[in-house]
Amino acid sequence: MCGIVGIFGHPEAGKLAYLGLYALQHRGQESAGIVAADGRELRRHAGMGHVSELFSREVLAGLTGDSALGHVRYSTYGDSNPANAQPFLMQYYGGPIAVAHNGNLVDAGIVRGELEAEGAIFQTTTDTEAILHLVARSREPDVVDAIVGALRQVRGAFTLAFLVPGRLIAVRDPMGFRPLSLGRLEGGWVLASETCAFDLLGAERVKDLDRGEVLVVDVAGVHSFRPFPPARPAPCAFEHVYFSRPDSLLFGRSVQAVRKRLGEELHREHPADADLVVPVPDSGNFAAIGYARASGIPFDMGLTRNHYIGRTFIEPTVEIRNFGVRVKLNPVREILDRKRIVLIDDSIVRGTTSRKVVQLCRDAGAREVHVRISCPPTVGPCYYGIDTPRRDELIAARHTLEEIRAHVGADSLGYLSLDGMLGAMDAAPDTFCTACWTDQHPVTIPRAEAEQLRLFDGEAR
Ligand code: SF4
């Protein structure tokens, strides 16, 4: 869970990267950072917290130069601490190099162990630093060749952007798990994890990077090549269901349009006799619009999300029923009272939150709560950069549909089928990663890695 923005060829590159990170804040709220380059030197500011908290006017004034690289992070590999905030900036034999990473390597611990055994000293606990070590050990005279050589030695999900004096370099792994798009900016170029950043920057979308594509941006323009052997496509379908912003174009598709179609299909597969369609905001909003449109049942915002909780809040010592969820979601009694509702959400992971949300709706007077989920049951963990729990913590991996319905306290429960989900995405089978729902992982995690990370319950294959 991370967001990347890169700017090349604009006198206010640092400030534009800052704005781009604002648009990508939903992709990671733990830490953020920007490295700016003026052709000779690279300067960095990074730390824990939100973009708005980290970059003052003075800090931005120091990030001078016509290219910049920004990152927002939510840790899925490595701890949440300041040392792990990206972009990393390091010196190697070729000079300064900065890197920002979205995705997870599946063999990072093994690669790191081998490097440490040969004397490498790591400053962070991330998988990204292992890539930098491999770049630094390369004998290739050109940094692009060194990067490609390093990435040939690792497996998993890596969408990366590197900044060196005079060049911005971007790479998507051969399966293309995580997105990256190229845009045109007045006088320059922009790279971003999602196209919603282009809108804020006034940039025009040029293209999505292809799977396995390496893009080098320099004063001569944009150069593209594909140095990796071909592999099956595996862009993350969950980006469309939940993670990305609805105003983004992702993997060539409009996120909001896909989500509405997920909702329409969900109604076809699991109709409900009800008075109102209510989303669990925000990720359920567009699927609920689709469900309401297909069913003819009115749509209303029966739950309100509080976006301004911040990173820490102090729980009261007196017990307030469902406090943890109520601080984020509050039911609107005037809307829900005496209604039979269809509650649309994007997933049930452990089941704890869904159970509380159903109870909130009942407490606010809902007579019936029919839960509908806009993707199939979550039965597999993610090893590619989304923070889903171990398999044994996933309720659908251990329980039947009826048991889950009883646990969350719904009157009925329906999940969209895999075919329905892929149909709504206009995607052929095996053209996306769907391991969350099939437990068939396009890149398996080595047993030694799984044991080292205690990632899941010893079921590595
Ligand atoms: Fe996306 Fe799920 Fe695949 Fe992870 S396992 S990349 S979340 S579809």
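Computed quantities for the displayed model
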{"read-out": "Residues being away from the ligand (no atom under 16 Å from the Cβ), in a helix (DSSP H, G or I) and among the charged types (D, E, K, R) - total across segment 395-419", "value": "4"}
{"read-out": "Flag if R44 is closer than 20 Å to Q123 by Cβ and either in contact with a Ser or Thr (Cβ under 8 Å, 6 or more places away or on another chain) or at pLDDT 95 or above (or both)", "value": "yes"}
{"read-out": "Flag for C361 being over 25 Å from the mean Cα position of the chain (by Cα), in contact (Cβ under 8 Å) with a residue 60 or more places away in the chain, buried (at least 23 other Cβ atoms within 10 Å of the Cβ) and outside any loop (DSSP other than H, G, I, E, B)", "value": "yes"}
{"read-out": "Failed criterion for L401 (all others in (1) in contact with a helix residue (DSSP H, G or I) (Cβ under 8 Å, 6 or more places away or on another chain); (2) modelled with pLDDT of 95 or more; (3) closer than 26 Å to E239 by Cβ hold)", "value": "(1)"}
{"read-out": "Whichever residue in segment 1-45 is among the charged types (D, E, K, R) and farther than 14 Å from L63 by Cβ and, among such residues, is surrounded by the most Cβ atoms within 10 Å (Cβ to Cβ)", "value": "R27"}
{"read-out": "Selection status of D426, among the charged types (D, E, K, R), farther than 17 Å from N104 by Cβ, away from the ligand (no atom under 15 Å from the Cβ) and without any contact (Cβ under 8 Å) to a residue 40 or more places away in the chain", "value": "no"}
{"read-out": "Test: residue in segment 65-80 that is of a type in the set (S, T, Y) and modelled with pLDDT of 95 or more", "value": "yes"}
{"read-out": "So A98, is it farther than 26 Å from A231 by Cα and part of a strand (DSSP E or B)", "value": "yes"}
{"read-out": "V59 outside any loop (DSSP other than H, G, I, E, B), among the β-branched types (V, I, T) and surrounded by fewer than 20 Cβ atoms within 10 Å (Cβ to Cβ)", "value": "yes"}
{"read-out": "Count of residues meeting criterion [surrounded by 20 or more Cβ atoms within 10 Å (Cβ to Cβ) and either farther than 15 Å from I97 by Cα or within 16 Å of the ligand (Cβ to nearest atom) (or both)] in segment 134-154", "value": "1"}
{"read-out": "Residues being more than 15 Å from the ligand (Cβ to nearest atom) and crowded, with 21+ Cβ neighbours inside 10 Å - total across segment 371-394", "value": "2"}
{"read-out": "Some residue of segment 161-179 being in a helix (DSSP H, G or I) and within 16 Å of the ligand (Cβ to nearest atom)", "value": "no"}
{"read-out": "Of residues in segment 429-445 being of a type in the set (S, T, N, Q) and near the ligand (Cβ under 10 Å from one of its atoms), the one farthest from S417 (Cα to Cα)", "value": "Q440"}
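The values are calculated or read from the model by the stated rules, or taken from the named source; none is laboratory data. Model, not experiment: these values are computed from the prediction. When we count neighbours, we look across all protein chains shown, and the Cβ atoms used for this are built from the backbone with ideal geometry, even at glycine.
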